[in-house]
1. I'd like the accessible area for Thr223, computed on protein heavy atoms only with a 1.4 Å probe and all protein chains in place. Round to 10 Å², please.
2. If you take every residue apart from Pro189 with its C-beta less than 14 Å away from the C-beta of Pro189, what net charge results, scoring Lys and Arg +1 and Asp and Glu -1?
3. Kindly provide the helix-only [θ] at 222 nm of the chain, computed as the sum of -39,500 (n - 2.57) over DSSP H runs of four or more divided by all residues, to the nearest 500 deg cm²/dmol?
4. Using θ = phi - 60° and the Karplus curve 6.51 cos²θ - 1.76 cosθ + 1.60, what whole-Hz ³J(HN,Hα) does each residue of region 32-48 get, with Gly and Pro shown as x?
5. Please report, in whole Å³, the volume per residue of the convex hull around the C-alpha atoms of the chain.
6. Could you run the Karplus curve 6.51 cos²θ - 1.76 cosθ + 1.60 with θ = phi - 60° over region 290-295 and give me ³J(HN,Hα) per residue in whole Hz, x for Gly and Pro?
7. Quick check: residue separation of Val56 and Ala263 times 0.36 nm, minus the Cα distance between them. What number comes out in nm?
8. Compute the orientation-averaged projected area for region 11-150 from the convex hull of its Cα atoms and round it to one decimal in nm².
Amino acid sequence: MTSSSSFKCKFCASCNGFGCVGELPGLGGVFESRNFQLNCAAWKEHFNRLVKEGFVFDENPLPKNVLRCGPVTGAVQNIGFEKESDFYLPYFTACTKAGIGICAGDGCPDEKLELGVEAVKKLGTKAAFFLKPYPNDVLARRVEMVRPYAEFIGMDIDSYNILTMRNLVNLEKKNAESIGEFRSYFDVPFVIKGVFTAEDVELVKEVHPDVVYISNHGGRVETRVGSTADFLYENARELKKYCREIWIDGGIRTKEDVKTALALGADKVIAARPFLTALCSGGETGMAERALKMLS
């Protein structure tokens, strides 16, 4: 694996969006990493509010099935791996060592999705695959690629506007009709990822996905300013009327963050940056230990 000195992560004592401002490609975010910073800070604010209101958090270890790794691609551009192919198998292997779920992402060029599929296949497991909002004829071919290894299939609705893919490929802002056609291509549970605006809530009401995945892409997509924790707090009850589960990412770092997300209405939480940092500094074992620490 690439030497830790080559990675773009600065291994800050606190991964909260202040150490990589303006670094895209890299692990920073848009708006001078403002949403990245808000994501991290909001979990602590809601945890403190809940405690003040008398909410009692269970001190027992959390079940492993509430945690998944984030659907990361672009290991060379964003993380600093020497080769894209060096990333996926160690990242997913660490998940299997910890017993947590895998989310696999899509990207440009196509090898990013292909490498994710190959790693999942090699491990003999399944994953939640998240496809970018290509035109549906392209998506139909991508679904065929992931279908044998998919536990869930999702559409990353906000990534038509992600800075690192802009002008590289033809991505679309999807409507309910287009999403409905996409959903007809497979029979595993469907996830709509990137829900973060009032417009997205209305889309959920039309689509009725199996899973709503609240995300602002870790603060890496140009959308409104705000945190995923606040969005969950404000919308969980309404969203639950139109789906079976709510997943969420953005700033999840600690066991308290995970418990806060669950208390606010999430069913599963997804983390990426803390796992990437652990993988880059401690390999598969380091990442697995980081995941287990967030649960125990």
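The values are calculated or read from the model by the stated rules, or taken from the named source; none is laboratory data. Only a predicted model underlies this, so the values are computations on that prediction, with no experimental measurement involved. Using ideal geometry, Cβ is built from the backbone for each residue, glycine included, and neighbour counts are taken over all protein chains shown. Accessible surface areas use protein heavy atoms only, side chains included; no ligands, DNA or RNA. Shrake-Rupley method; radii C 1.70, N 1.55, O 1.52, S 1.80 Å.
1. 40 Å²
2. Around Pro189, the charge tally is +2.
3. -12500 deg cm²/dmol
4. For region 32-48, the Karplus-derived couplings read 6, 6, 4, 5, 4, 5, 5, 3, 5, 5, 5, 4, 5, 5, 6, 4, 5 Hz, x marking Gly and Pro.
5. 117 Å³
6. Along region 290-295, the couplings run 5, 5, 5, 5, 6, 10 Hz.
7. 73.5 nm is the gain from fully extending Val56 to Ala263.
8. Details: hull surface 43.8 nm².
Quarter of the Cα hull surface area: 10.9 nm².
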